[in-house]
Ligand code: CA
């Protein structure tokens, strides 16, 4: 079974792909609607997990185009909980079923969405505001470099989870970063001292 995952949120895309891979499926990944549409049009997938909100072309348009072109591959729409309008639009467009985004992922997405909910993360006396890029401990401001801030924000977004070094490198740096260097350790060390 070969499955295509189309989701622009890189964390979520990887989580879904990993879970499907663990379940024994062969998984291809796409990160925008155009790429997803093209792959679904040209590759023989057994199913597609398709997000609705995608750059280039939204998920509803992607499934509509496939159906208009006579492509019958099963499509599972990724929806946020309680978004009934999305579900109706998805069915109208020709989706077969729905996968609801897990609650903790959704929470993270809501936090990240501009102008939505709170941009503030707290952990004991530590407070971090992702919008203003400021952090403090018990009201005393922390002076952080942009790398240290991103590192702290990433860890606070994943509170209670084990975050690997590889994961940090993947999320905090682009592909050009030298993955063998020990910069992450240095940043973590500095962050600890500052806190
Ligand atoms: Ca999305």
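Run through all the Cα pairs of the range 1-93 and give the fraction in each 5 Å bin from 0, expressed as whole percent.
Calculated P(r), rounded to whole percents: 3, 15, 27, 26, 19, 9, 1.
Of 157, 37, how do they rank once you tally other Cβ atoms within 10 Å and put the fewest first?
Ranked by crowding around the Cβ, least crowded first: 157, 37.
Show me 57-66, 125-134 ranked by packing, highest mean number of other Cβ atoms within 10 Å first. Don't skip to the answer; put the middle values down first.
Working: 57-66: 21.5, 125-134: 14.6.
By packing density, highest mean first, the sequence is 57-66, 125-134.
Please order 91, 52, 184 by the number of other Cβ within 10 Å, starting at the fewest.
Working: 91 14, 52 23, 184 18.
By the 10 Å Cβ count, ascending, the order reads 91, 184, 52.
Quick one: order 2, 72, 67 by neighbouring beta-carbon count within 10 Å, fewest to most. Intermediate values should be presented prior to the final figure.
Values: 2 12, 72 9, 67 15.
By the 10 Å Cβ count, ascending, the order reads 72, 2, 67.
Since every read-out is calculated from the coordinates, none of them should be taken as a lab result. Keep in mind that what you see is a predicted model, and the values were worked out from it rather than measured. No Cβ is skipped: glycine too gets one built from the backbone with ideal geometry, and neighbour counts run over all protein chains shown.
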